[in-house]
1. Sort shortest first the distances from B:GLN47 to its counterpart in every other copy, using label points 7 Å along the Cα-to-beta-carbon line, and give them in nm.
2. Amide H neighbours of B:ALA117 under 5 Å, at least 5 residues apart or on other chains, H built in the peptide plane: list them.
3. Using Cα springs under 10 Å in a Gaussian network model of chain A, which residue among A:THR69, A:THR166, A:THR128 shows the largest mean-square fluctuation?
4. What is the fewest-to-most order of B:CYS49, A:CYS19 by other Cβ atoms lying within 10 Å of their Cβ?
5. Quick check: pseudo-label points 7 Å beyond the Cα along Cα→Cβ at B:SER73 and B:ASP151, how many nm apart are they?
6. Top mean-square fluctuation among B:GLN134, B:GLN115, B:GLN20, Gaussian network model of chain B, C-alpha springs under 10 Å?
7. Shape verdict for the protein assembly as shown, please, from the Cα gyration tensor: rounded (a/c under 1.5), prolate (a/b greater than b/c) or oblate.
8. I'd like the Karplus ³J(HN,Hα) series for region B:11-20: coefficients 6.51, -1.76, 1.60, θ = phi - 60°, whole numbers in Hz, and an x wherever there's a Gly or Pro.
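What follows draws every value from the coordinates through simple rules; no lab data is involved. Because the structure is a prediction, the values reported are computed rather than measured. Reconstructed Cβ throughout: ideal geometry from the backbone, glycine too, with neighbour counts over all protein chains shown.
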Number of protein chains: 2
Amino acid sequence: MPKQVDHESRRRQIAAAVCQLADESGLEGVTLRDVAARAQVSMGAVQRCFGTKEEMLVFALGHIGERITARVSARLAASPAQSARTAVGHAVTEVSLVHEEHRAEARVWLAFVAQAAVSPPLAGILRTNYAHLQSLFARLIAESSGTPAPDRAARALLALADGLTTHVLVGHLSPTGALDILDDHLNRLWNEQAH
Amino acid sequence: MPKQVDHESRRRQIAAAVCQLADESGLEGVTLRDVAARAQVSMGAVQRCFGTKEEMLVFALGHIGERITARVSARLAASPAQSARTAVGHAVTEVSLVHEEHRAEARVWLAFVAQAAVSPPLAGILRTNYAHLQSLFARLIAESSGTPAPDRAARALLALADGLTTHVLVGHLSPTGALDILDDHLNRLWNEQAH
DNA sequence: TGAGCACCGATACATACGCATCGGTAAGAC
DNA sequence: GTCTTACCGATGCGTATGTATCGGTGCTCA
């Protein structure tokens, strides 16, 4: 058995290149040649790692989904969170990629969401990620005393975060405006459950 | 002056073809050739109506934006709306394209939103449309007694509607589930302002 | 040490795209 | 009737894409 190569790490390396390119010029700007150049490998290497382009995109989406989920979890673990209210605030702030340093991820995510509307495999990955985040939010919300329907609140929160992210990307909202709205929503949620 | 042609109606005809194709296979499936075939005109006609492809897409986005806004207005005008609460409910239901018959518009809209993240002209059109809808919502919300910040509530409502639409398209939410969440949000909004 | 095989990079290929060009056509003016 | 001219459909062109193919390379094991 001659030379062996760590395929998995190379796949991640290529996935990162895909995300960079998708951030810069949308998913349509993601070309096998450009991906190879950005990842500093040959085009043949990309083809060997992924049999087809769609396979590559599916892997890249899974990659970025994991990164986002991981960041949310890390944020929750890092700050002990005085209250569940602030914990949810932190988590949802990470998801709604409003901060400048995560804007790239937001653009990539949006590109994939649009593509998923016409590509079942991508849609499947997205559903998995959304399901994870939703159950995470639902648990946090349910923890802090008794909101009548934590599941529904979690779904609403996730949808609101996604919508706000979109509006920031389009330029209809400013990042701080989006955060204001998010904060306001959470305040209402915690005020009301006191009744 | 020899043969004359109604350019404007032809542009709308082509825009409709663009939307059909974008619904079926995303914006990347929108090809000059396919558009021409779908609109039942020659490729040359498409080129004569729009100097470039992006021009065509910009026009198509404006076209569908007008249609959506028009439908919202029509819905508001049609039903006298017993209360502002139901008026907003009707309007936002039209915007969040949850009903099956408007799912196509939702897919097209989402495709354009993603493209707008890397195309300033498209983003501009989107901003205009969002601004219209937001001010419309804000007026309706402000009308019904005194919510403290009708503008912020309108922004939140619009973002929530957009996020829910996205989640329905991806398959993370069912249409009825999305409507439930929307209804719940409106109820909270109207309950709270009674304080 | 040398033989074999898995990996590599480059190139070839068919296709499809956006855009430019061109002869033909028919409608209106005189 | 015919001449002008704005419109039409078709074809050509250069490029870029995804995929398939192929000779070279260097590690690993006998």
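1. In ascending order, 3.2 nm.
2. none
3. Top of the fluctuation ranking is A:THR128.
4. Going from sparsest to densest Cβ surroundings: B:CYS49, A:CYS19.
5. Label at B:SER73, label at B:ASP151, 2.3 nm between them.
6. Maximum fluctuation in the GNM of chain B, among the listed residues, is at B:GLN115.
7. It is oblate, given that a/c is not under 1.5 and a/b is not larger than b/c.
8. 4, 5, 4, 5, 4, 4, 5, 4, 5, 4
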